[in-house]
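Have a look at the structure below before the remarks.
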Amino acid sequence: MKKIAILGSTGSIGTQTLQIVRNNPELQVTALAAGTNVKLMEQQIREFRPQLAAMWSEEAASDLAGRVADTDVRIVSGMEGLLEISTMEDMETLVTAIVGMIGIRPTIAAIEHGKTIALANKETLVTAGHIIMPLARRKGVSILPVDSEHSAVFQSMNGENKERISKIILTASGGPFRGKKREELKRMTIEDALKHPNWSMGRKVTIDSASLVNKGLEVMEAAWLFDVPLERIQVVIHPQSIIHSAVEYADGGIMAQLGMPDMKLPIQYALFYPDRKPLAGKRVDFFELGQLTFEKPDTETFRGLSLAFDAAGTGGSMPTVFNAANEKAVALFIQRKIGFLQIPELIEESMGNHKVIENPSVEEILQAEAETYEAIERITG
């Protein structure tokens, strides 16, 4: 029996993780954490019977406690609740599917307690990779990627000499706006941005995919996860989303992982690594596909990707500013307060105004985030 805890259980990754638990009785959920969706958390508690459950706000936790008073589950809240879940004695694997930089402290705490990390929180490595990865090495902790692209790279490295990696190739669908130019993007709405052609994801990730910011975040994450310099990470637009990413080696050979665009595959692979369990679902049919195509990303139109490379190249606290500015800008776009093209504009302005801290602590990372939020609020009114 493998005991797991899920941070972000009511989100897209969290609910799909629980689908895998339903189909694999050797998995046991010891704890769940979510933001505000009390109704769904109650359903999850009644189905999976965790020992511990957390809601971000005390109000939501109090509401949940009243709803599940007839069960044995203990309800906690806030960062203290997340940290308690992350350090539970009998929990083996922590699935970090929570959105935002609030995932940093729980991930650090879990690593310090020797827990395996199934990583689906981009912000953790984007902003604190210089803290997380050395700590994981010292503690002998495995960080298993849940993102489809990073899982594909991880699978493509199995059995290979990592010293012989020539290049990491991260594929991107191009999102709902692939092929559009700036004049067209000026008219795009939240509804347009959420029409992803291949993947079913949460709203923020889907919008990040539309702007290619998501791919920029994945570049930063890949550099930390696989210890590969930025100049050896290439982004390729692959509209069919069948090749999830690949690794080129010194002899020119390329190992790639292919499959249908279904997040349950990388989630399940992380939970059972190095084993492969049966997984129901549609399989790739090459005759039906007919062809796989590839394009160079349009970084002039979709400037989020080039700004991400700039932020990663600068390093220090700059990736935090990139990430925080994007989070705030996307929130404003969802609220219809700014247009789609203002997302990269706000990111660039925030980066230009930031004084870089070379080796930021967790406190300095969170401070840079807060200052970036405040600056954008002043800019946008």
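List of remarks:
- Helices (runs of 4 or more DSSP H) enclosed by the stretch 1-69 - at least 2 residues per element that are open to solvent by less than 10 Å² (accessible area, probe 1.4 Å), within 24 Å of Glu89 (Cα to Cα) and among the β-branched types (Val, Ile, Thr): 12-22
- Qualifying position, being farther than 24 Å from Ala256 by Cβ and at pLDDT below 95, among Lys122, Lys139, Lys115, Lys186: Lys186
- Filter pass, Asp251 being open to solvent by 50 Å² or more (accessible area, probe 1.4 Å), without any contact (Cβ under 8 Å) to a residue 24 or more places away in the chain and over 18 Å from Asp147 (Cα atoms): no
- If you go through the stretch 1-49 and pick out every residue that is of a type in the set (S, T, N, Q) and more than 20 Å from Met79 (Cα to Cα), you end up with 10.
- Residue in the stretch 282-298 that is open to solvent by less than 10 Å² (accessible area, probe 1.4 Å) and not polar (S, T, N, Q) present: no
Okay, residues lined up against (1) over 18 Å from Asn323 (Cβ atoms); (2) crowded, with 18+ Cβ neighbours inside 10 Å:
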{"position": "Glu184", "(1), (2)": "yes, no"}
{"position": "Arg203", "(1), (2)": "no, no"}
{"position": "Leu212", "(1), (2)": "no, yes"}
{"position": "Ser241", "(1), (2)": "yes, yes"}
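- Only a single criterion out of (1) touching a residue at least 40 places away in the same chain (Cβ under 8 Å); (2) touching a Lys or Arg at 6+ places or on another chain (Cβ under 8 Å) is not satisfied by Lys180, namely (2).
- Residue within the stretch 343-356 that is assigned to a loop (DSSP other than H, G, I, E, B) and either closer than 21 Å to Lys122 by Cα or of a type in the set (D, E, K, R) (or both) present: yes
- Being in contact with an Asp or Glu (Cβ under 8 Å, 6 or more places away or on another chain), under 18 Å from Leu125 (Cβ atoms) and either hydrophobic (A, V, I, L, M, F, W, C) or open to solvent by less than 10 Å² (accessible area, probe 1.4 Å) (or both) is a property that holds for Ala222.
The values are calculated or read from the model by the stated rules, or taken from the named source; none is laboratory data. Here the structure is a predicted model, which is why all the values come from computation and not from measurement. Cβ coordinates were reconstructed from backbone atoms using ideal geometry, including for glycine residues, and neighbour counts include every protein chain displayed. The accessibility values were calculated without ligands, DNA or RNA, using every heavy atom of the protein model including side chains. Shrake-Rupley method; radii C 1.70, N 1.55, O 1.52, S 1.80 Å.
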